[in-house]
Amino acid sequence: MSWVLGAVLIWAAGWALNIWLARRGEMRAIRIAVPVIFGLTLLAMWEALVRGFGVSPVILPPPSVVAQTFAASTDILWVDFQQTVVKGALRGFVIGTVAAFVTAILIDRSQFLTRGLLPIGNFVAALPIVGIAPILVSWFGFDWQSKAAVVVVMVFFPMLVNTVQGLREASAMQRDLMRTYAAGYWQTLVKLRLPAAMPFLFNGLKIATTLALIGAIVAEYFGSPTRGMGFRISTGVGSLSIDLVWAEIAVAALAGTAFYGTVAFVERIVTFWHPSQRG
């Protein structure tokens, strides 16, 4: 019972501290501290409630056990990280986003592709990953190539739609002004339309970062060599190694956060002029 009471006190203390910090102003340190304190509060409550109610580690291990497993399994986690994130997610992300950007340029120059390809893209984007992944795994094999193929399919169409929309962002008056300067298509694209499209491009890239990691992990459920995050999670659940499963989830969360944060940081530098980046 003391553990449960401790969880309530931890929640109250974290809540009170965050309210106090929120009233101190909009300093950068405070904006960082509030979510960090909230996350640490949730972890402490998780530990206290699991121990207080005597939850079996097979169902939900406490964070301390997950941390011990994380520290003891860094070699396994590193191999899985390389297989899933570096080989599958990152390579698929690069291939898919570059292919989407090039396709968007072709669509922009062709009315036929605009009317024919975009509806197909919206249809494919709505397909569930669990339906596509087994087919691509059977086509490309069990190694990282099939995971990268799944990632390409998942990131291609969100990036394509955002890029096409961004290329239409420049107004007719701005395009007419470029024509009065005798600017051709490529000059107008580089000097006017691409800068105006940057917020849309980065929106597509941020969506693609989350989809890439999800696609690579889910694809490993349907076939993988004896390594990878998805492989380790599926086999860990089967062998009741739930602490290792949570360690893999922690690695995936950290990798996804770093991936998304990197894109968001670059976006803030490139699109400093956009109203969304002010304040």
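The values are calculated or read from the model by the stated rules, or taken from the named source; none is laboratory data. All of these numbers come straight from a predicted model, not from anything done at the bench. Backbone-built Cβ (ideal geometry, glycine too); neighbour counts: all protein chains shown.
The table below lists the values:
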read-out: Residues located in the stretch 91-116, provided they are among the aliphatic types (A, V, I, L, M) and surrounded by 19 or more Cβ atoms within 10 Å (Cβ to Cβ); value: ALA100, ALA104, ILE107
read-out: Candidates THR235, THR209 - the one that is of a type in the set (Ser, Thr, Tyr), assigned to a helix (DSSP H, G or I), surrounded by fewer than 18 Cβ atoms within 10 Å (Cβ to Cβ) and assigned by TED's automatic domain parsing to the domain that holds SER110; value: THR235
read-out: Pair list, Cβ under 6 Å, 6 or more apart: the stretch 181-206 residue free of Cβ contacts under 8 Å to residues at least 24 places away in the same chain, other residue crowded, with 16+ Cβ neighbours inside 10 Å; value: THR188/MET178; LEU192/ALA170; LEU192/MET178
read-out: Matching entry among GLY14, GLY25, GLY39 (being without any contact (Cβ under 8 Å) to a residue 12 or more places away in the chain and part of a helix (DSSP H, G or I)); value: GLY39
read-out: Filtered residue count, the stretch 132-187, keeping only those that are assigned to a helix (DSSP H, G or I), surrounded by 13 or more Cβ atoms within 10 Å (Cβ to Cβ) and aromatic (Phe, Trp, Tyr); value: 4
read-out: Condition check for PHE81: within 15 Å of GLY215 (Cβ to Cβ), buried (at least 17 other Cβ atoms within 10 Å of the Cβ) and not polar (S, T, N, Q); value: no
